1. With a cap of 14 neighbouring Cβ atoms within 10 Å, and only residues DSSP puts in a loop, list the GluC sites (Glu not before Pro) found in the range 69-159.
2. Arranged by the count of other C-beta atoms within 10 angstrom, fewest first, what order do 185, 136, 460 take?
3. Among 415, 225, 108, whose Cα lies farthest out toward the positive end of the dipole of the chain, if unit charges sit on the beta carbon of Lys, Arg (+1) and Asp, Glu (-1)?
4. Report the extension gain between residue 277 and residue 369 in nm, rounded to one decimal, defined as 0.36 nm multiplied by the number of residues separating them, less their alpha carbon distance.
5. Please compute the net charge surrounding residue 174, taking Lys and Arg as +1 and Asp and Glu as -1 over other residues with Cβ under 14 Å from its Cβ.
6. What ³J(HN,Hα) values, in whole Hz, does the Karplus curve 6.51 cos²θ - 1.76 cosθ + 1.60 give for the range 208-215 when θ = phi - 60°, with x put for Gly and Pro?
7. Please turn the phi angles of the range 85-96 into ³J(HN,Hα) values with the Karplus equation 6.51 cos²θ - 1.76 cosθ + 1.60 (θ = phi - 60°), one per residue in order, whole Hz, x for glycine and proline.
8. Let's see if you can work this out: charge +1 on each Lys and Arg Cβ, -1 on each Asp and Glu Cβ, no other charges. What is the dipole magnitude of the chain about its Cα centre, in debye to the nearest 20?
Amino acid sequence: MSASAADWTLTRAVDELASGRVTAEEYARALLDRCAEHRGLNAFISRDPARVLEQARAADSAGPSPARPLHGVPIAVKDNIDVAGWNTTAGTPALRGNLVRADSAVWSRLREAGAIPLGKTNMHELAYGITGDNRCYGPVGNPAAEGRLAGGSSSGSAAAVAASLAPAGLGTDTGGSVRIPAALCGVTGFRPSTGRYPTAGVLRISHTRDTVGVLARDVADLRLLDGVLAGEAGEQDVAASERPAPRLVVPSTPGVGDLDPELMTVVRRGVEELRSAGWELVESDFPPEVPELIDRTSFPVALAETPTNFRSYLSGTEEPLDLERLVASVADPEVRELLYPLPREVPIGRTEYRRALSQRLPELERLARRTLDRHDAVAYLVPTTVLGAPGRNVSSEVLLNGRSVPTFATYVRNTNLASLIGWPSVSIPAGRTERGLPVGFQLDARAGHDRELLDLARRCGALLSGGAVTGGEDPHIGTDVVRE
C-alpha cells in the first residue's frame, strides 16, 4: 500500500478498495495513524479506533460489491448527526452522554453503501456560529492556516478533510456552515437543494433552512456522495464536452464589492482565468431590496424554528432533556445569550413568521431567479467569504478594510442567500492569498439543479490556479487580521 494512502481522494480510495489493491483495514489504519499525528487540530469529539478497525475487517470479510459503492471507506461525521452506537453531543455539555441507538437517515444511506464512521467531528456549539471556537470541547485548528480557526459550524469535518484525516465528511448547513469552513480550509463543500437529503436523526436549527451537506477534496467526491445521499447513485451526468462555456452572474451586492484586499487579488485572478477560458461573467447587482429581505428573514426564521426543532430532537434522546436545561448549560457565552430567551419567549410573532415564509422568502427566490433569467445565466459566482480564516483570538467583531464589522454577519454575507431560498450551493478552492490563506469561489444555481451545479463546479475548479489542500502543507501565515 502506498505510504500516502491517507491523501487519496474519496474516488481514489473507492477504486483502490474495490479493486482489492488495498484492504479496508489497511486503509483505515492509514487514516487512524494520520488522525493520531494531527490530534492537535482537535477535529474530533469522539474517536474509537478499535471499532473502526473492527468494521473495516468486517468489510474485508464481506468483500466489495456494486451495491456498496463506498465499500470500506471511513467518513467523518459532524457531531449533530446521529450514528448508531456513537454519542451525538452537538458540541454542547448537556449532550455529552447522548448515546444514540439508531442511524440518522443520511448515515443509514451511507452505511448501506458500505461506508464506515471514522468518528464524530467537533463543531461550533449547537451549530450556532461560524468560527469553530468551541468552548466545551476546544477550538478546531485550521490545517491550511497555522494558528487560525477552521471556520464553522462544520469545523471538524472541514479540518479532517483538509488534513487528510478523512477522505470526506458530513456537515450541516443553515447559513453557510458547510461552505464557509470548506473555503477557509481550502477544500470543497456542497450544500444541496433544501430537501434533497433526508433530515431524520439530525439536531437541526431550522427545518426551513437546514440541510446536511458534504465536504471533500475534489468535486468528483461530492458528486459520488450526492448520488448516494440523494438516492441517485450510479446516474451519469452529461459529458463536459457536450456543455457550452457557461454564463455566470457576478453580483456585487452582496458579492465582490467589499473584500479583504488580499482576497480581492485572488478573486480577480480567478475571474480572469475563467474569462480566458471562454466563460462569460456578467456583472449585475442584485435589486436593492435583496439585502434587506435577507436581514429580515435570516436570523428571525432560524430563531423562530430552533425551539421546535431542538425539542423534537431532545424528546427522542435516551435520557430526555428539556430545552431549558440544554440552553442553561451552553458553554459559549455568545451562543447562550442568543438562545437563552427561547424557552420562554417567541423570537418573532406568529404573523411575522408566516409573512417571512409566505412572502419574503418567495420574493427573495423570485428576485434571485429573475436576475439569472435576465442574463440567460446558469449560476451566480461569488467569493465564498470576504475574509480569510479567523485567528484564534477572534471576537464578536473582525476588521474588514479598516473598520470593525460583526463577525457572524460578515462571514455569512455571501452564503446566506442560497440557504434562505433553498438553492444548491458549492464552494471550491480558488487559490491562496499572499500569506497562504485559502480562498473559495461559491457557485449558486436554481433549486433542483444539483447535478448540473456540481458539474459546473468541477469544470470551474479545473480552470483555476487554486487547488485543494493536502495534509502535508504547512504554510507560513503572517499577522492576524482579526480584531484583538
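Since every read-out is calculated from the coordinates, none of them should be taken as a lab result. Bear in mind the structure is a predicted one, so any value in this text is a computation, not a measurement. Neighbour counts run over all protein chains shown; Cβ positions are idealised from the backbone, glycine included.
1. Answer by residue number: 146.
2. Exposure proxy ranking, most exposed first: 136, 460, 185.
3. My answer, from the dipole projection, is 108.
4. Details: separation 92, 0.36 × 92 = 33.12 nm, distance 2.55 nm.
Computed gain between residue 277 and residue 369 is 30.6 nm.
5. Cβ neighbours under 14 Å give a net charge of +1.
6. For the range 208-215, the Karplus curve yields 6, 10, 6, 7, 5, x, 10, 10 Hz.
7. Taking θ as phi minus 60°, the curve returns x, 10, 6, 10, 9, 6, x, 10, x, 5, 9, 4 Hz for the range 85-96.
8. Rounded to the nearest 20 debye, it is 460 debye.
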